[in-house]
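The values are calculated or read from the model by the stated rules, or taken from the named source; none is laboratory data. All values reported here derive from a predicted model rather than from experimental measurement. We place every Cβ from the backbone using ideal geometry, glycine too, and count neighbours over all the protein chains shown. Accessible surface is based on the protein model in full, side chains and every heavy atom, while ligands, DNA and RNA are left aside. Shrake-Rupley method; radii C 1.70, N 1.55, O 1.52, S 1.80 Å.
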Amino acid sequence: MRRVGYFILFLFAGSAYGNPPEFIRQIKAVRLTEPIHIDGVLSESIYRQPGVKEFYQKEPNQGNPVSEPTEVWVAYDDEALYIGALLKDSHPDSIVARLSRRDNDVGGDQFGVGIDSYHDKRNGYKFIVSAAGTLIDGILYNDDWSDDSWNGVWEAKPVLLPDGWSVEMRIPFSQLRFEEQEKYTWGIAFLRVIGRKKEESLTVYTPRNESGFVSRMSELVGIEHVTPPSRFEATPYMTGRAEYLQHKSGDPFNSGSKYKPDFGADFKLGLGSNLTLDGAVNPDFGQVEVDPAVVNLSDAETYFNEKRPFFLEGMNIFSFGQGGVNSYWTFNWSNPSLFYSRRIGRTPERGLPDNDYADEPQGTRILGAAKLTGKMFNGWNVGVIEAVTNREYARFETGGVQQDWEVEPLTSYSIGRVQRDFNDGKQGIGLLTTFTHRFFKDEGMRSEVNADGFLGGLDGWTAIDTGKEYMVSGWTVFSRVTGSKERMLNLQQGWPHYFERPDATHLSVDSSATSMDGFAGRYTLNKQKGRLMLNAALGFVSPGFESGDLGFLSRTDAVNYHIASGYRWNDPTPYYRNIELYGSYFVSSDFGGNVTWRGLWTRSSYQFTNYHTFGFYYDYGFESVDNRRTRGGPLMLNLPAYEYGFDFYTDGRNDYIEEAYWYAYEGKDGFYHSLNLYLTMRPSSNLSITIGPGFTYNSSKAQWVDAFSDPTAALTYGKRYVFADMNYKELSAQIRLNWTLSPTLSFQMFIQPLFATGDYTSFKELARPRSFDFNVFGQSGRSTFADSSFSDGNRKIYLDPDGAGPAPMFSQDHPSFSRVSLRGNAVLRWEYLPGSTLFFVWTQSRSEYDSNGNFEFHRSYNRLLDAKSDNIFMIKLTYWLGR
């Protein structure tokens, strides 16, 4: 989701210096008397009438007229809106016509239109075409934001001319949402981008230091006697999948190859003029691009972005707590996600007993899904999703006996959302609910997952003043999960709740509970306009809040607030284009009043006249306590530390783009350094190559190892919390190739090699709560430490707190590791007809793991080459039926 596009100017600031030009207030569409052939040639009679010429620069010289003559015409018939544009250029040989896959904005010369067909002055659509024919489209919402995940079925054709270029668009009324009227008034705005001049000109734009774009659009009039079409689209599909995977010798479930054909259909049905029902029968919800490899040494779950089109398109209605305010700042705050769509179709939760061979499903099959979106009840935005996933079984063999084992129950997921704004967007209110219900068949599943999960929340905003310069936004959510006593006990004592913390007076474990309740919320004050910026927020997540059934949650038992301000110098001068300076003070605590983080933060950025940008930030954290480091144990001391970093990137519209990002954490508890570099090369107008190496070096003085029960550990409440010094090194790269052969045919490739090592030494236990003091095994008192290696490559550690004393000895596998992996895929995509696509996909992955924590590049490289690979080939054919 992008907040800034060619149609969106995202600013914090206030009233601009100087007045914007007098934008054209009304644009008239003309009913066609002859058909228009979408060929980019402006030969029809409509183009002999006067068109719209009033374009003004947003960049670089805001308010000046467009530097090259531009003229636009709008026409319509019973089925579609037609737009033609003549874009003259005094140097036509310098037109930047870059070709890329759909929705991939690589700059260059472009023309586009934004349309507010509801004329609610907050929402709309955008349609953009490059001089090479690449289509870009998306949704406009919240007056300032855009979501490029929506893909409409429309046509556009550009043509290069001796004195510039021209373009024709056909946007079917079936792709727009509007209420039936005799005469229509819509919002509209046009865009022209001149690549070599880095010039963006519009018929209406958001001035610097202001906010709001859709609400500023000109009125489109003249459309009469058009009936919103009955909308029905169907996209049947067929797939073929071949898997060539690693397997054990004698594996009865995996011979090394699997072949699977499949078929199904997606459909889209218009319910009146305001509602759209999207559905899928036996859907193919596999994603084309692989997830990146990560090494997670924390107690928190890794968040992966959604990549499946059904859960991307038109999902802005389900955005919660983000309306009204145009800027949300956070400091040490992790916003709970109420709807994390990757829960639907997730990897099954239940593990298997010890076995010789096993066949486990990699995901949960989605039997069906439906999505209802639109407007009803006098302007209320409405969204509903219902999905049902299959009961999944694994099969395993032990001692020659095979058995089925349920790993995921049949599950229903429901999401409902309503939202409306009032008084020209000055106020808004919304409601979101989610409900997850599981149908158990195997009683053993009841201890693994919740039976039910419910969330219900209200969000909204209001302007403090009539000019909407100051806005307050907020949301509050309540949660309730139910399940067996064993499941609720595990949930209370596991991440991210940790009710068992022995020194937490506000927490306690209830072993008889069959449900858990909680609440969360956040309230934000933001200054929407002006050079001077102001932002403050207060957020909270109660210890019992739980959204993991259908959301994403990384922290509970948290109270967080900040106050921040800044200033922008964003009128270009001969020395810079803009300068920004920010500062904030922030505090985090738990519900017991323990301050878990407190600090000061500052950031500045400087954009040069050539659009290169440099940014620097610094923050200092004061001494506090950590309620998560012992993972359910007592508080530990957070020593003072500081962080700093910089980022530098060149103009993203150039043929060669350089980026550099540095982050550093420095404290008495260790350091963390990370450097990422990116180079994007465009050797031709249709080829883009990005190479992004990265290196991370982390040295921790207190890396978590494990906790062991020991009644003699009186100071630490009957448990020994074991840590170690750890040196972590990671070398990785992200390599992408995008080769676009035509606006409808493209090839993409992604490759990610990764070498990572973690070397654990100096094993120790926490000496006492609220401290950063440790007893090192083998060095403190009579304690002993032993490290043993075995012929099979495994290593174990043996820890004894008091030698011959009464405390027991503990042992476990040595946590040091070395991991190498390679992930990649290649995708050939051909849109052979509008809305109809043929995919060829190849995915390869390979990895190897051992307990050697030393970073040795040549050894890691050779291990990666020698590692066996998994290869998956897929072909998918879709055919769009609609109009």
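Normalised by the number of residues in segment 437-589, what is the relative contact order in percent for Cα pairs under 8 Å and 6+ residues apart?
Relative contact order here is 18 percent.
Applying Stokes-Einstein at 10 °C and 1.306 mPa s to the Kirkwood radius of segment 635-699, computed over alpha-carbon pairs, gives a translational diffusion coefficient of 113 µm² s⁻¹. How large is log10 of I(q)/I(0) for segment 178-240 at q = 0.14, 0.24, 0.27 Å⁻¹ when the intensity is taken from the Debye formula with one equal scatterer per alpha-carbon? Log10 I(q)/I(0), no solvent term: -0.71, -1.04, -1.16.
Taking every protein chain into account, the 1.4 Å probe leaves I735 with about 60 Å² of accessible area, to the nearest ten. Our summary of shape: the Cα atoms of segment 528-686 have principal axis extents of 57, 39, 37 Å, ordered from largest down, in whole angstrom. Residues I344, I317, ordered by accessible area of protein heavy atoms at a 1.4 angstrom probe radius and largest first, appear as I317, I344.
How would segment 262-357 be classified by its alpha-carbon gyration tensor: rounded, prolate or oblate, with rounded meaning a/c under 1.5 and the a/b versus b/c comparison settling the rest? Oblate is the answer for segment 262-357, as a/c is 1.5 or above yet b/c matches or exceeds a/b. The residues of the chain expose on average 42 square angstrom of accessible surface per residue, using a 1.4 Å probe on protein heavy atoms. Report, in degrees rounded to the nearest 10, the 0 to 90 angle that the Cα long axis of helix 857-866 makes with the longest principal axis of the chain. Roughly 80 degrees, rounded to the nearest 10. Ligands, DNA and RNA aside, K468 has an accessible area near 50 Å² when probed at 1.4 Å. Take every pair of alpha-carbon atoms less than 8 Å apart whose residues are at least six positions apart; their mean separation over the length of the chain yields a relative contact order of 9 percent.
In whole percents, the pair-distance distribution calculated for segment 677-765 from its alpha-carbon pairs, binned every 5 Å from zero, is 3, 12, 14, 11, 10, 8, 8, 7, 7, 6, 5, 4, 3, 2, 0.
How fast does segment 513-595 diffuse by Stokes-Einstein, in µm²/s, taking the Kirkwood radius from C-alpha pairs at 4 °C and 1.567 mPa s?
Details: Rh = 15.6 Å.
Estimated diffusion coefficient is 83 µm²/s.
A simple spin-label model places the labels of L877 and Q493 5.6 nm from each other, with each point 7 Å out along Cα-to-Cβ.
Taking only the C-alpha atoms of segment 457-571, Rg followed by Dmax gives 18.9, 64 Å. Across every pair of non-identical alpha carbons in segment 429-471, the mean reciprocal distance, once inverted, gives a Kirkwood radius of 13.9 Å.
If you wrap the tightest convex hull around every Cα atom of segment 379-428 and split its volume per residue, you get 68 Å³.
Grouping the Cα pair distances of segment 111-263 into 5 Å bins from zero gives a pair-distance distribution of 2, 7, 13, 15, 15, 11, 8, 6, 5, 5, 5, 4, 3, 1, 0 percent in increasing distance order.
Kirkwood Rh over Cα pairs of segment 94-186 into Stokes-Einstein at 37 °C, 0.692 mPa s: D in µm²/s? Diffusion coefficient, whole number: 230 µm²/s. Straight-line cross-link partners of K485 among the lysines, defined as a Cα under 22 Å from its Cα and at least 8 positions apart when in the same chain: K441. In terms of overall dimensions, segment 185-343 has a Cα radius of gyration and Dmax of 23.7, 74 angstrom.
Per-atom-type breakdown for segment 120-275 gives carbon and sulfur 53% of the accessible area (1.4 Å probe, protein chains only). For segment 514-642, with all protein chains in place and a probe radius of 1.4 Å, 63% of the accessible heavy-atom surface sits on carbon or sulfur. Restricting to Cα atoms and excluding each atom paired with itself, what does the Kirkwood estimate give for segment 381-491 in Å? Answer for segment 381-491: a Kirkwood hydrodynamic radius of 17.3 Å.
Ranking of R631, R177, R446 by solvent-accessible surface, largest first: R446, R631, R177 (1.4 Å probe, protein heavy atoms only, all chains present).
Per the Debye formula on identical point scatterers at the alpha carbon atoms of the chain, with no solvent, log10 I(q)/I(0) at q = 0.06, 0.11 Å⁻¹ is -0.46, -1.64.
With loop membership from DSSP and a limit of 12 other Cβ atoms within 10 Å, the longest segment of the chain without chymotrypsin sites (Phe, Trp or Tyr not before Pro) is 18-302.
With the alpha-carbon atoms as the only input, what is the per residue convex hull volume for segment 41-82 in Å³?
Details: hull volume 4.4 nm³, N = 42.
For segment 41-82, the hull spanned by Cα atoms encloses 105 Å³ per residue.
Put a dot 7 Å past the Cα of E79, heading toward its Cβ, do the same for Y620, and the two dots end up 6.9 nm apart. What the Cβ-Cβ distance of E856 and D354 gives, at R0 = 41 Å and to the nearest 0.05, is a FRET efficiency of 0.75.
Taking a threshold of 30 Å on the Cα-Cα distance, which of the pairs K268/K876; K307/K468; K126/K371; K53/K268 fall above it? Could you put the intermediate results ahead of the total?
Values: K268/K876 20 Å; K307/K468 35 Å; K126/K371 22 Å; K53/K268 38 Å.
Violating the 30 Å Cα-Cα cut-off are K307/K468; K53/K268.
Exposure check, 1.4 Å probe, all protein chains in place: S589 carries approximately 20 Å² of accessible surface.
For segment 771-883, the equivalent ellipsoid derived from the alpha-carbon gyration tensor has semi-axes of 53, 18, 12 Å in decreasing order.
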